[in-house]
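Scroll down for the structure; my scribbles are underneath it.
The values are calculated or read from the model by the stated rules, or taken from the named source; none is laboratory data. These figures come from a predicted structure and were not determined experimentally. Note that we place each Cβ from the backbone using ideal geometry, even for glycine, and neighbour counts take in every protein chain shown.
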Amino acid sequence: MIHLKKDHEIAAMRLAGGVASTVLREAAAFVQPGISTLEIDQYAGERISHYGGKSAFLGYRNYPCQICISVNEEVVHGLASGRCVQFGDIVSLDVGVRYDGYIGDNATTVAVGGCDPAVQRMMEVTEKSLYEGLGQALPGNKVVDISRAIQSCVEANGYSIVREFVGHGVGKKVHEEPQIANFDDGSRGSPVLKPGMTLAIEPMVNLGQRHVEVLEDDWTVVARDGLPSAHYEHTILVTDGGPEILTCPENLPSEPRES
Ligand code: MF3
Ligand code: CO
């Protein structure tokens, strides 16, 4: 069952999205050469609390950090550590916030100071593919329309879609139905999109081959060929008027409250 959110739930999801996107921006601005990923994680945790939210990831399936921080060839679910990021690295930040019982989930990839133009271009295409995908989040379309839009944008530019991880419904829980693959997986019966669905759309794109593996820490997903990877994500609401992005700073609650 795909839960269609009621108006009061959508209002809460906007607030959660406002906090998640504001903290994502703040964390991205905090990234600079020489800073450790643990410092980034702690800072993000403080900002989430400041706005009255809680990390939606900390403790989820025993995940040990406030946010996910994935450097260079790390695709997603990277763990904070004493590692210091350096000029030329790229850092994917994934921030999930619970506020008033509902979750906002978003991600971005930033260069530390600057990076190789070829890598920058991959980041731009990944973000573009996110917007192409969410542009298909229209009532009457199917989930696979989102998947195909992302896939064609990424592959037309010569990059690879990671297949093992997917976007998802989101609400009271981080992961709800439906799953949203970032490629056409050929499965029949793709769900029809309806107003009131809230979806996290999140392409993960590799500069090289698509294959990934999980490190010994049981969390960090890396590109097997060691080449850089990018990740962008928004939480959106399907409406009759088209997709509404919930993870935007304009949705930040004016008065933080305890959740
Ligand atoms: N945005 C990611 C996802 O939807 C973050 C989950 S990280 C976890 O899978 F730690 F919570 F698992
Ligand atoms: Co997500």
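Here are some notes:
- Count - residues of the stretch 188-206 that are surrounded by fewer than 24 Cβ atoms within 10 Å (Cβ to Cβ) and either within 17 Å of residue 155 (Cα to Cα) or in contact (Cβ under 8 Å) with a residue 24 or more places away in the chain (or both): 7
- Of the residues making up the stretch 192-206, those that are touching a helix residue (DSSP H, G or I) at 6+ places or on another chain (Cβ under 8 Å) and either of a type in the set (Asp, Glu) or assigned to a loop (DSSP other than H, G, I, E, B) (or both) are 193, 196, 202, 203.
- Subset of the stretch 183-219 that is away from ligand 2 (no atom under 16 Å from the Cβ) and of a type in the set (S, T, N, Q) - its residue that is farthest from residue 1 (Cα to Cα): 209
- Any hit, the stretch 163-178, residues being in contact with a helix residue (DSSP H, G or I) (Cβ under 6 Å, 6 or more places away or on another chain) and more than 16 Å from ligand 2 (Cβ to nearest atom): no
- Residue in the stretch 28-43 that is on the phi < 0 side of the Ramachandran plot and within 16 Å of ligand 2 (Cβ to nearest atom) present: no
- Residue selected from the stretch 207-259 under the condition among the small types (Gly, Ala, Ser) and in a loop (DSSP other than H, G, I, E, B), by the criterion farthest from residue 165 (Cα to Cα): 254
Per-residue answers, yes or no, for (1) at pLDDT 95 or above; (2) more than 16 Å from ligand 1 (Cβ to nearest atom); (3) within 16 Å of the chain's Cα centre (by Cα):
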position	(1), (2), (3)
52	yes, yes, no
76	yes, no, yes
80	yes, no, no
92	yes, no, yes
104	yes, no, yes
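- Pairs with Cβ under 9 Å, 6+ apart, first in the stretch 1-28 and more than 14 Å from residue 53 (Cβ to Cβ), second part of a helix (DSSP H, G or I): 3/9; 5/12; 5/13; 25/249
- Of everything in the stretch 221-242 that is away from ligand 2 (no atom under 16 Å from the Cβ) and under 30 Å from residue 52 (Cα atoms), the residue that is surrounded by the fewest Cβ atoms within 10 Å (Cβ to Cβ) is 242.
- Filter pass, residue 95 being within 15 Å of ligand 2 (Cβ to nearest atom) and either touching a helix residue (DSSP H, G or I) at 6+ places or on another chain (Cβ under 9 Å) or within 20 Å of residue 74 (Cα to Cα) (or both): yes
- Odd one out for residue 171, checked against (1) touching a Pro at 6+ places or on another chain (Cβ under 6 Å); (2) crowded, with 16+ Cβ neighbours inside 10 Å; (3) of a type in the set (Gly, Ala, Ser); (4) part of a loop (DSSP other than H, G, I, E, B): (1)
- Filtered by the rule that a residue be within 13 Å of the chain's Cα centre (by Cα), β-branched (Val, Ile, Thr) and more than 14 Å from ligand 1 (Cβ to nearest atom), the stretch 125-181 gives a lone residue, 126.
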